[in-house]
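Contents: one structure, followed by commentary.
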Amino acid sequence: MQPEMKRMSVYIHIPYCVRKCAYCDFLSFPDASPDSLTQTGKEYKKALLKELELTARKYPDRIVDTVFFGGGTPSHMSAFDIADIMDALRALFPFSDDTEVSLEANPGTVDEEKLRVYKDAGINRLSFGLQSSHDKELKILGRIHVFDDFVRSLELAEMAGFKNINADLMSALPGQTVKDWEDVLRTAVSFKILKHISAYSLIIEEGTAFYERYKDGGLPSEEADREMYHVTREVLESYGYERYEISNYAKPGYECRHNLVYWNRGDYIGLGLGASSCMDEVRFTNTSDIRKYMELTDLAGIRESVEELDDDGIRFEKVMLGLRLTEGIDESELLSGAEGLTEKFYREQIEKNISLGLLVRENGRIKLTDEGLDLADHVIMDFCNRFT
Ligand code: SF4
């Protein structure tokens, strides 16, 4: 690696799914066959490759450290298209020796051939959207797969040589009990090949089918949700998964490096519809208008928002993102450059939350305590108040 090259991560958005899940508010559309043999897939891939080429021209001094294909359902696209995107990325940017390349896959959308193509293309981490091991719950969620599809996908992935695999799980589902959730967790940990588990609570977003269905009730109570949250930690930690972020657990050495870049505020470029980036302390987001995106001729034309972060903004982001990590944040780095009222304000919030037992200071770092992790949003809001 040449010394002057700066590291960056690359996110690639594939906005197509087999069909829309009932709770989903991600930027994704149902499409029967979004590959380069269809007009839509062809146009999307063309725009993506164009954006990639323009991006490489704009950032010639970058080396790629992690890549993440997210969506949508990247595994719904042809694996050959994914391989073409990887080839283009490699041709335009140098990669670090151990670049992590993740791809989100839906159980039931991968087969032997796809996995072989992924492996040859350099993908070395798979993230399966399992959500639940109970078919009844998968049906309620509107997922396209059943649990057996996941088991089969995992077997195929193992046979193809993948060693770094995540499963996404979702708690607080309609009708779900704490015992149901515990069963989902225990089933997941029984697959030794899973080195990483992300466990999030269902959040009902306006505009989704779930919002209409459950806005007046039918979901587990707040107490049950809390209990599930605690069971998650208990079960996963007892099987050797270490919690490194509020909702993410990994066997040692298998933390998702790409997501760590987000939480540690590293540089990343987002390519594709609606993708967000943060490069050299400037945050920007691509348009979520698919027509506009596909007509891309220059980068400025697809930017929906651009925000240059000032010192205050950067400092608050360090709290908002860094406190999500169980290792917390370096206190002196957080306070460096803070003067007068800003420094006073930050010191006050830190001491207040330490005295409330929500933050703890250890080896120069401040981090959330167990209770603080439960109330992370409240702690973070304390640091936000200065700017309201
Ligand atoms: S697979 Fe994921 S992105 Fe696609 S509709 Fe379902 S939740 Fe949304």
Q: Return a yes/no flag: does the range 182-190 have any residue that is closer than 30 Å to Arg213 by Cα, modelled with pLDDT of 95 or more and among the β-branched types (Val, Ile, Thr).
A: yes
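One line per residue, one yes/no per condition, for (1) within 15 Å of Phe68 (Cβ to Cβ); (2) touching a strand residue (DSSP E or B) at 6+ places or on another chain (Cβ under 6 Å); (3) not assigned by TED's automatic domain parsing to the domain that holds Met77:
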position: Ser102; (1), (2), (3): yes, yes, no
position: Ala121; (1), (2), (3): yes, no, no
position: Ser127; (1), (2), (3): yes, yes, no
position: Ser132; (1), (2), (3): no, no, no
position: Lys136; (1), (2), (3): no, no, no
Q. Is it the case that some residue within the range 142-152 is in contact with a helix residue (DSSP H, G or I) (Cβ under 8 Å, 6 or more places away or on another chain), aromatic (Phe, Trp, Tyr) and surrounded by fewer than 21 Cβ atoms within 10 Å (Cβ to Cβ)?
A. yes
Q) Quick one: which of Ser277, Ser332 is of a type in the set (S, T, N, Q) and in the same structural domain as Leu359 (by TED's automatic domain parsing)? A) Ser332
Q: Being polar (S, T, N, Q) and free of Cβ contacts under 8 Å to residues at least 60 places away in the same chain is the filter; apply it to the range 53-84 and report the residue that is farthest from Cys24 (Cα to Cα).
A: Ser78
Q: Go through the range 190-227 and count every residue that is of a type in the set (D, E, K, R), in contact with a Lys or Arg (Cβ under 9 Å, 6 or more places away or on another chain) and not in a strand (DSSP E or B).
A: 1
Q: Search the range 253-265 for residues that are at negative phi and pair each with any residue that is surrounded by 18 or more Cβ atoms within 10 Å (Cβ to Cβ) and among the aliphatic types (A, V, I, L, M) when their beta-carbon atoms are under 6 Å apart and the residues are at least 6 apart or on different chains.
A: Trp263/Leu325
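Residues are listed down the side, and each one gets a yes or a no for (1) within 22 Å of the chain's Cα centre (by Cα); (2) under 22 Å from Ala83 (Cα atoms); (3) within 16 Å of the ligand (Cβ to nearest atom); (4) not acidic (Asp, Glu):
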residue	(1), (2), (3), (4)
His13	yes, yes, yes, yes
Val18	yes, yes, yes, yes
Cys24	yes, no, yes, yes
Ser28	yes, yes, yes, yes
Asp31	no, yes, yes, no
Q: Would you list the strands (runs of 3 or more DSSP E) that sit entirely within the range 283-371 and hold 2 or more residues that are farther than 30 Å from Lys58 by Cα?
A: 359-362, 365-368
Q. Based on what the data block shows, is Tyr249 crowded, with 16+ Cβ neighbours inside 10 Å, assigned to a loop (DSSP other than H, G, I, E, B) and hydroxyl-bearing (Ser, Thr, Tyr)?
A. no
Q. Give me the pairs: first residue in the range 288-299 and closer than 13 Å to Glu51 by Cβ and touching a residue at least 60 places away in the same chain (Cβ under 8 Å), second residue among the small types (Gly, Ala, Ser) and assigned to a helix (DSSP H, G or I), beta-carbon distance under 7 Å, and six or more apart or on different chains, which are they?
A. Tyr293/Ala47; Met294/Ala47; Leu296/Ala47
Q: Considering each residue of the range 266-290, count those that are among the charged types (D, E, K, R) and either within 19 Å of Ile14 (Cα to Cα) or under 14 Å from the mean Cα position of the chain (by Cα) (or both), and give that number.
A: 1
Q. Say we look at the range 17-52 and pick out the residues that are free of Cβ contacts under 8 Å to residues at least 60 places away in the same chain and part of a helix (DSSP H, G or I); which of these is surrounded by the fewest Cβ atoms within 10 Å (Cβ to Cβ)?
A. Gln39
Q) If you go through the range 280-317, how many residues are touching a strand residue (DSSP E or B) at 6+ places or on another chain (Cβ under 6 Å) and either surrounded by fewer than 17 Cβ atoms within 10 Å (Cβ to Cβ) or closer than 30 Å to Leu335 by Cβ (or both)? A) 10
Q: Being among the aliphatic types (A, V, I, L, M) and assigned to a helix (DSSP H, G or I) is the filter here, so list the residues in the range 53-66 that pass it.
A: Leu54, Ala56
Q | Qualifying positions in the range 224-268 - farther than 16 Å from Glu327 by Cα and of a type in the set (Val, Ile, Thr) | A | Val231, Thr232, Val235
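The values are calculated or read from the model by the stated rules, or taken from the named source; none is laboratory data. Just so it is clear, the model here is predicted, and its values are computed rather than measured. Every residue, glycine among them, receives a Cβ derived from its backbone with ideal geometry; neighbour counts consider all protein chains shown.
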